[in-house]
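The values are calculated or read from the model by the stated rules, or taken from the named source; none is laboratory data. Because the structure is predicted, anything quoted here is derived from the model rather than measured. With ideal geometry, Cβ positions are generated from the backbone for all residues, glycine too; neighbour counts draw on all protein chains shown.
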Amino acid sequence: MAGNFTFNFNGFKSANATTAKPAFGTSTVVVPPTLRSFDLFPTRIWQSPLTMLSIHFERWESTVLAMRAASPEPAGRTNRQGWNSADMAVLEQPAFAPLNEILRAACGVALGEMGVRGTDFQLQSWINMHDRGGFNFLHVHEGCLLCGCFYLKVPKHSGHLVFRDPRAGVVHGAIKGSVPNGYTDIHLTPDAGLLVLFPSWMEHYVEPHGNDEPRISISFNVVKP
């Protein structure tokens, strides 16, 4: 829920709880008050299946494999047991022009929902590839306007993209699960062609890959020029 909130407390005399006596017996029955719920700290992510680009997937996969063959040493960062590109401007390559165009459009929409309009931005972009057992450990993308991931190749048993609950201290609460004021991590199941956008400050990680065919994605940061 977006917007400003005003909470008023007028003392217990104004509480709308009421009591009534049952038809039989002497016990008093308390009628619960009407409660208004406020979701104070919403965290928004966005998803879109970019199936209209599937005609390019095979060519893009060949491009990525050629990039790895030409520079086999992984850049490191949070990627383990796989390969990621040192090139941080992958989407600027002519081969990825259709993807670059639609990702920029999607980021513009998401930024607008965040109240960021009319601001120029650039996309830092790189390849993430996981071999069997490969993963990304828990991290954030500090100092960015927005982050995203486009899944190019997702074999079976590729593992989830996991978002850590960002509310400090909630992990210590007694309530667990996807309920109000409960604690749970969010597990997103990837699929080829899926675009995911999320806040740069949200902690996330990628579960281990369980297939001999590589999992390939293109990650990107939305940054000011």
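The selection criterion, being of a type outside the set (D, E, K, R) and under 16 Å from ASN136 (Cα atoms), holds for HIS157.
Which residues, taken from the stretch 72-102, are of a type in the set (Gly, Ala, Ser) and either within 16 Å of ASN221 (Cα to Cα) or surrounded by 13 or more Cβ atoms within 10 Å (Cβ to Cβ) (or both)?
Those that are of a type in the set (Gly, Ala, Ser) and either within 16 Å of ASN221 (Cα to Cα) or surrounded by 13 or more Cβ atoms within 10 Å (Cβ to Cβ) (or both): ALA75, GLY82, SER85, ALA86, ALA89, ALA95.
Touching a strand residue (DSSP E or B) at 6+ places or on another chain (Cβ under 9 Å) and at pLDDT 95 or above, is that true of LYS176?
no
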